[in-house]
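Only one structure is covered here, and it is reproduced in the block below.
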Amino acid sequence: MLDQFSRTRLLLGPEGMDKLKGARVAVFGIGGVGGYSVEALVRSGVGALDLIDDDKVCLTNINRQIIATRKTIGKYKVDVAEERIHDINTDCVVRTYKTFYMPDTADQFDFNEYDYVIDAIDTVTGKIELVMQAQKTGTPIISSMGAGNKMDPTAFEVADLYKTSICPLAKVMRRECKKRGIRSLKVVYSKEVPTRPIEDMSISCRTNCICPPGTARKCTQRRDIPGSNAFVPSVVGLIIAGEVIKDLTGTGK
């Protein structure tokens, strides 16, 4: 019988689709990268998704985040993503957490429940904590390295963290993971040298903050505000989702 996953079933077969339907994937960070990962996972038939992000949709998100539109500005990203998921697959089980993932909030999550974890957050402390928790439970995890200030979507590749180069975020992650005895980590990264953002205070969040009311962590609190575009974060998110789907179904070996 034809259904919304029939075309995917032609590639993965009934067994692969059953594996996806029975899987629970946690996506930490529902922004430019994480939002596209969620989109591909639900359209592929993943049966349960945990969405973790405390941020609200902002006008400046529209250039790159699939959940960001004029109608969703000011709404929590996880709520917008949940509604979109159920518009695509009403049977998908969704749990949302309006949480900024850090060591002091890590106890809210039991990684034993997850078949896979996607790290799409941009705080090094939080990323390291995610990797540590996944390592403790033996839960597969894939981590997004720097996508900001990049212009070449074709340059991204999947690699082990310790085989990366050039990417500034990957360099920091290598150092911190090595300190903690983490021997391997699947990542998506690019060797492209980041573009230096134009210094224009007239369009900078530093002096023109438009974060929605009630936003817990405003842009003005960030050390750096990177430039971004529509075609790099989306590609990273889709690459990550593809790796998760292949690993869950065993089709990538």
* Furthest towards positive pole of dipole, Gly74, Cys177, Gly214, structure part the chain, Cβ charges -> Cys177
* Asked: What is the Cα centroid distance between segment 103-131 and segment 1-68, reported in whole angstrom?
  -> 18 Å
* Structure fact -> Per the C-alpha gyration tensor (a ≥ b ≥ c, the square roots of its eigenvalues), segment 1-136 is rounded if a/c is under 1.5, else prolate if a/b beats b/c, else oblate; here it's oblate
* Asked: Given labels modelled 7 Å from the Cα in the Cβ direction, how far is it in nm from Ile225 to Ile62?
  -> 1.7 nm
* Determine the calculated [θ] at 222 nm for the chain from helices alone, applying -39500 (n - 2.57) to every DSSP H run no shorter than 4 residues and normalising by the residue count; nearest 500 deg cm²/dmol. => -11000 deg cm²/dmol
* Structure fact -> So, with points 7 Å from each Cα along the Cβ direction, the Asp3-Thr99 label distance in nm works out to 3.0 nm
* Structure fact -> Simple SL model, points at 7 angstrom along Cα→Cβ for Val172 and Asp18; separation in nm is 4.5 nm
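Hey, got the dipole for the chain? About the Cα centre, +1 on K and R Cβ, -1 on D and E Cβ, debye to the nearest 20?
Dipole about the Cα centre, nearest 20: 680 debye.
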* For segment 68-160, rounded, prolate or oblate, judged on the Cα gyration tensor with a ≥ b ≥ c (square roots of eigenvalues), a/c < 1.5 rounded, else prolate if a/b > b/c? -> oblate
* Asked: How do the peptides 87-98, 45-56, 178-189 rank, highest first, by the average count of neighbouring beta carbon atoms within 10 Å per residue?
  -> 45-56, 178-189, 87-98
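Any read-out appearing in this document is the output of simple, stated calculations on the displayed coordinates, not a laboratory observation. As the structure is a prediction and not an experimental result, all values here were calculated from the model. Note that each Cβ is placed from the backbone with ideal geometry, even for glycine, and that neighbours are counted across all protein chains shown.
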